[in-house]
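Read the structure below first, then the notes.
The values are calculated or read from the model by the stated rules, or taken from the named source; none is laboratory data. This is a predicted model, so every value here is computed, not measured. Here the Cβ positions follow ideal geometry from the backbone for every residue, glycine too, while neighbour counts run over all protein chains shown.
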């Protein structure tokens, strides 16, 4: 009985202690929570900054890898373009009856519209002033200065260039003038047959360039009031700004045309074209 009584009293006191501790815990919980918040915030901020730093490092690594891959891709494209140019030039060599010399562009000027390139072939390679320079796409220009190991290529768009051309589709002849940004077909008669997308090729007249080399494509045609000539715009068939590998044709030296000679050739071309029959299309029968 005594033992049982002791156990009952102890149990009641334990319950009372538990209740008191529970009440005290409820009272002091907000204080404990508030006291723990700075520590929690500090830990959260540390974790946030650690994750942020990791993300920044990962992002920088990805940017670096992306830049490296872009550089490699650009180099591969450049190599592929060079290989394509060389392959196309090799095919052109097989088609040309004239002997050729392979050359590479080793220096370009700083002008916004370059008109001269330096080539890696010179007199010791048989290069001479006046030789035509081409790519698989068409005419680039001519050799205007030659050193022992290098030579200077003057492009078609040089303002001093006058190129005798003809329309590949009809054979009508005219002159194409260099004009920095483009090429000008100044004296093509409105009485002659000319269409958008017509290709102009070298005519071989006046010993300027070998005949039949593509030079430019007609991009627009507009009759001009008060003159017997079209106003046209053209685009060179060869890319004058990004070419790397070229072919130098072994041909006779080029003779530059002066303004008087150019006007004479233009007048003769206009008269020839005016006397030539004009190609017309008949309407379909009803």
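Taking (1) outside any strand (DSSP E or B); (2) more than 21 Å from the chain's Cα centre (by Cα); (3) under 30 Å from residue 202 (Cα atoms); (4) at pLDDT 75 or above in turn, residue 93 satisfies each apart from (4).
For region 259-268, the count of residues that are buried (at least 18 other Cβ atoms within 10 Å of the Cβ) and at pLDDT 85 or above is zero. Within region 200-248, no residue satisfies the criterion of being closer than 14 Å to residue 175 by Cα, over 29 Å from the mean Cα position of the chain (by Cα), without any contact (Cβ under 8 Å) to a residue 40 or more places away in the chain and assigned to a strand (DSSP E or B).
Answer yes if at least one residue in region 109-120 is modelled with pLDDT of 90 or more, farther than 27 Å from residue 179 by Cβ and touching a strand residue (DSSP E or B) at 6+ places or on another chain (Cβ under 6 Å), and no otherwise. Within region 109-120 (the criterion being modelled with pLDDT of 90 or more, farther than 27 Å from residue 179 by Cβ and touching a strand residue (DSSP E or B) at 6+ places or on another chain (Cβ under 6 Å)), the answer is yes, since at least one residue qualifies.
Looking at the structure I just gave you, is residue 125 in contact with a strand residue (DSSP E or B) (Cβ under 7 Å, 6 or more places away or on another chain) and at pLDDT 90 or above?
It is true that residue 125 is in contact with a strand residue (DSSP E or B) (Cβ under 7 Å, 6 or more places away or on another chain) and at pLDDT 90 or above.
Annotation note: Cβ proximity below 6 Å between a residue of region 162-180 that is at positive phi and outside any strand (DSSP E or B) and a residue that is modelled with pLDDT under 90 and buried (at least 21 other Cβ atoms within 10 Å of the Cβ) (sequence gap 6+ or interchain) occurs for 180/157.
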